[in-house]
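> Shown below is the structure under consideration.
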Amino acid sequence: MKTRITELFGIQHPIIQGGMHFVGLADLAAAVSNAGGLGLITALTQRTPEDLAREIARCRTMTDKPFGVNLTFLPSVTPPDYPGYVKAIIDGGVKIVETAGNNPVKWLPALKEAGVKVIHKCTSVRHALKAEAIGCDAISVDGFECGGHPGEDDVPNFILLPRAAEELKVPFVASGGMADARSLVAALALGADGMNMGTRFMATVEAPIHQNVKQAIVNASELDTRLVMRSLRNTERVMVNAGVERLLEKERTLGAGLKFEDIIGEVAGVYPSVMQRGEMDAGAWSCGMVAGLIHDIPTCQQLMDTIMGDATKIIRSRLEGMLAA
Ligand SMILES: Cc1cc2nc3c(=O)[nH]c(=O)nc-3n(C[C@H](O)[C@H](O)[C@H](O)COP(=O)(O)O)c2cc1C
């Protein structure tokens with residue numbers, strides 16, 4: 001399949017693995033890229049820019065296909081060493097960056113000068129237009145269904161994607177709620193040039209996370225995510241568990257007076273406990289509603305082959321069949 005996204009990034013299939021804290025290590029990025037998609041290493045999971053440089057080098061030993069790095073700009077009192085991470089990306093010869101969180105304008109000149117293509121992930125048409133205007137090469141349009149931070153507008157992809165298609169000139173991928181060939185063909189029909197998946201790639205053989213997490217995703221239904229931190233305007237969609245129930249109880253009790261410090265036990269430092277040690281009730285970890293569509297733990301190659309094979313069948317048989325009838 002050839003789309004503006006496969007052309008832009010020099011990949012075989014129009015499928016991207018979104019940046020994921022403590023999941024997007026070189027092992028997963030390389031597996032996705034080897035399977036013909038675009039794998040991404042998540043920069044901030046690496047404690048220092050030097051660690052990121054080593055992770056990029058490790059990825060190169062596992063794939064000779066294009067891969068990228070996710071750079072997430074968080075609201076933070078003491079920001080991470082962003083100049084250091086950008087330098088590690090450029091010095092490491094990485095040519096694709098997914099930015100997310102805040103507007104990436106400050107980092108674009110350096111990335112562009114180094115020939116890096118930038119895909120910015122955002123959750124509204126206005127932010128997508130802003131990203132296009134400042135020179136981003138592509139957009140990842142993340143709908144309300146998504147695992148992680150859906151923003152505060154709550155517009156699901158059936159509306160958000162065609163709205164993005166009406167406004168954007170640069171290519172964009174559909175993100176949030178994407179799991180299989182049906183998602184891909186629907187995303188293309190709504191005007192996207194491919195899709196970005198997070199939660200689906202967690203339940204793969206190569207995802208470097210505890211088996212308990214993969215099994216929890218397989219066991220979960222589409223009803224098992226919750227939105228937390230809305231009153232802090234930092235809404236996150238997470239998998240429900242005892243820690244999240246505790247957090248929601250605090251939100252109910254404290255109401256508008258809730259402060260970040262009140263819930264620090266349920267949101268800070270949770271990722272290593274969950275992803276590495278499989279402590280499933282530790283607190284809030286991002287997960288999409290799409291968990292309800294995930295029933296197995298394939299290799300990345302099997303997942304991609306199934307998606308692309310089934311997409312061909314949907315287009316050639318189901319859709320064309322309807323026209324022929
Ligand atoms: C466990 C997990 C961690 C994530 N961490 C990040 C992150 O650090 N930076 C980022 O930009 N997006 C992050 N995301 C969002 C994904 O990149 C992607 O946009 C999202 O998962 C898409 O929705 P889906 O889960 O329905 O596929 C995370 C998602 C998950 C599930």
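The values are calculated or read from the model by the stated rules, or taken from the named source; none is laboratory data. Because the structure is predicted, anything quoted here is derived from the model rather than measured. Cβ atoms come from the backbone with ideal geometry, glycine included; neighbour counts cover every protein chain shown.
> Can you tell me which residues in region 131-155 are more than 11 Å from the ligand (Cβ to nearest atom) and more than 19 Å from residue 98 (Cα to Cα)?
Passing the criteria: 152, 153, 154, 155.
> How many of the residues in region 223-254 are without any contact (Cβ under 8 Å) to a residue 60 or more places away in the chain and part of a loop (DSSP other than H, G, I, E, B)?
The total comes to 3.
> A follow-up question, please. For region 54-79, enumerate the residues that are exposed (fewer than 12 other Cβ atoms within 10 Å of the Cβ) and more than 26 Å from residue 260 (Cβ to Cβ).
Our first condition is that a residue be exposed (fewer than 12 other Cβ atoms within 10 Å of the Cβ); within region 54-79, this holds for 61, 64, 75-79.
Residues satisfying the conditions are 61, 64.
> Now, a different point. Taking the criterion of being more than 12 Å from the ligand (Cβ to nearest atom), under 20 Å from residue 308 (Cβ atoms) and under 16 Å from the mean Cα position of the chain (by Cα), would at least one residue in region 197-210 satisfy it?
Yes - at least one qualifying residue is present in region 197-210.
> Taking only region 1-53 into account, find how many residues are in contact with a Gly (Cβ under 6 Å, 6 or more places away or on another chain), in a loop (DSSP other than H, G, I, E, B) and surrounded by fewer than 22 Cβ atoms within 10 Å (Cβ to Cβ).
The total comes to 2.
> Residues to consider are 100, 114; find the one that is within 14 Å of the ligand (Cβ to nearest atom) and modelled with pLDDT of 95 or more. Lay out the reasoning, then the answer.
Details: 114 fails: within 14 Å of the ligand (Cβ to nearest atom).
The unique qualifying residue is 100.
> Within region 32-62, can you find the residues that are over 23 Å from residue 82 (Cα atoms), in contact (Cβ under 8 Å) with a residue 12 or more places away in the chain and out of contact with any strand residue (DSSP E or B) (no Cβ under 7 Å at 6 or more places or on another chain)?
If the condition is that a residue be over 23 Å from residue 82 (Cα atoms), in contact (Cβ under 8 Å) with a residue 12 or more places away in the chain and out of contact with any strand residue (DSSP E or B) (no Cβ under 7 Å at 6 or more places or on another chain), then 34, 35, 36, 62 are the ones that fit.
> For region 270-325: of the residues being part of a helix (DSSP H, G or I) and among the polar types (S, T, N, Q), which is nearest to residue 16 (Cα to Cα)?
So the first thing to find is which residues in region 270-325 are part of a helix (DSSP H, G or I), and the list is 270-276, 289-293, 300-324.
When the remaining residues are screened for being among the polar types (S, T, N, Q), the result is 273, 276, 301-302, 306, 312, 317.
Details: 273: 26, 276: 23, 301: 13, 302: 15, 306: 15, 312: 18, 317: 26 Å.
Looking at the filtered set, the residue picked out is 301.
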